[in-house]
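Colleague: Just dropping this structure here.
Computed from the coordinates by the stated procedures, all read-outs in this text should not be read as laboratory data. None of these values were measured; they are calculated from a predicted model. Every residue, glycine among them, receives a Cβ derived from its backbone with ideal geometry; neighbour counts consider all protein chains shown.
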Amino acid sequence: MNRDVIIACDFSGKEATLDFLDKFSCCERKPFVKIGMELFYSAGPDIVREVKARGHKVFLDLKLHDIPNTVKKAMRVLSELDVDMTNVHAAGTVAMMRAAVEGLTRPDGTRPLLIAVTQLTSTGEETMQKELLIGSGINETIVHYARNAKEAGLDGVVCSPLEAGMVKAACGSRFLAVTPGIRFADAAADDQVRITTPARAREIGSDYIVVGRPITAAPDPVAAYERCLTEFLPPESTTA
């Protein structure tokens, strides 16, 4: 499985998003981009179609979490958008995740990558135990959720890079670890709790890193993106 850097395009609307992506128009490598809830709810499905038409891969980050039948029907709609990756919350149960796979799978048997969120990178162990009333430790919980996702037929999970190695050990090397919470060594943590650098994420076992503000808020986003590529990918991959 090829590693990649995914830019989190957490903008409030279509114009800001396309203006940002215009900065990469001269780049040989079109960035893989994440479209999250704010942008999708603001601009609708057309933003996915337009970004795809520009040659970008798309991770549609909507974190579905509902009863199995509702998630299945929603995924059936999303399967028509030709996204490359999408997700659900692992807390929605194995039955819900299986329904998501069923809904996302097209009549020809193809589907985008489907991953499950274990615990958000803004959630620390104290918050998880005191507010969510999850008595197990955060590492144990994340690994258990990852095993559930694998049992349901998903391709991987979203976890912090700090748990990527544990997920791989529990679920196998081909089970994807998609990791937000990435910051450069010389950058602020912002509102993230469980974070690390692109280079360390590679060493631990991340397959994809999701990077937002360190790129989108950088004085030179293209340079910041290229720095991520250099730190995270093997040298022969950065020009692919």
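Colleague: Equivalent ellipsoid semi-axes for region 1-114, as square roots of 5 times the alpha carbon gyration tensor eigenvalues: give them largest first, rounded to whole Å.
Modeller: 26, 15, 12
Colleague: With +1 on each Lys and Arg Cβ and -1 on each Asp and Glu Cβ, how big is the dipole of region 4-237 about its Cα centre, in debye rounded to the nearest 20?
Modeller: With Lys and Arg at +1 and Asp and Glu at -1, about 580 debye.
Colleague: If you rank 27, 9 by fewest surrounding Cβ atoms within 10 Å, what's the result?
Modeller: Arranged by neighbour count, lowest to highest, 27, 9 become 27, 9.
Colleague: Once you have all Cα-Cα distances for the chain, histogram them in 5 Å bins from zero and send the whole-percent values.
Modeller: Bin by bin from 0 Å, the calculated values are 1, 7, 14, 18, 20, 18, 13, 7, 2, 0, 0.
Colleague: Along the charge dipole of the chain, which of 197, 7, 172 sits closest to the positive end, that is, farthest toward it, with unit charges on the beta carbon of Lys, Arg, Asp and Glu (+1, +1, -1, -1)?
Modeller: 172
Colleague: OK, next. Compare the Cα positions of 37, 154, 24 along the charge dipole of region 4-237 (+1 at Cβ of Lys, Arg; -1 at Cβ of Asp, Glu; about the Cα centre) and return the one farthest towards the positive end.
Modeller: Result: 154, furthest along the dipole toward the positive end.
Colleague: Placing +1 at every Lys and Arg Cβ and -1 at every Asp and Glu Cβ, with all other atoms neutral, what dipole size does region 15-80 have around its Cα centre, in debye to the nearest 20?
Modeller: My answer is approximately 360 debye.
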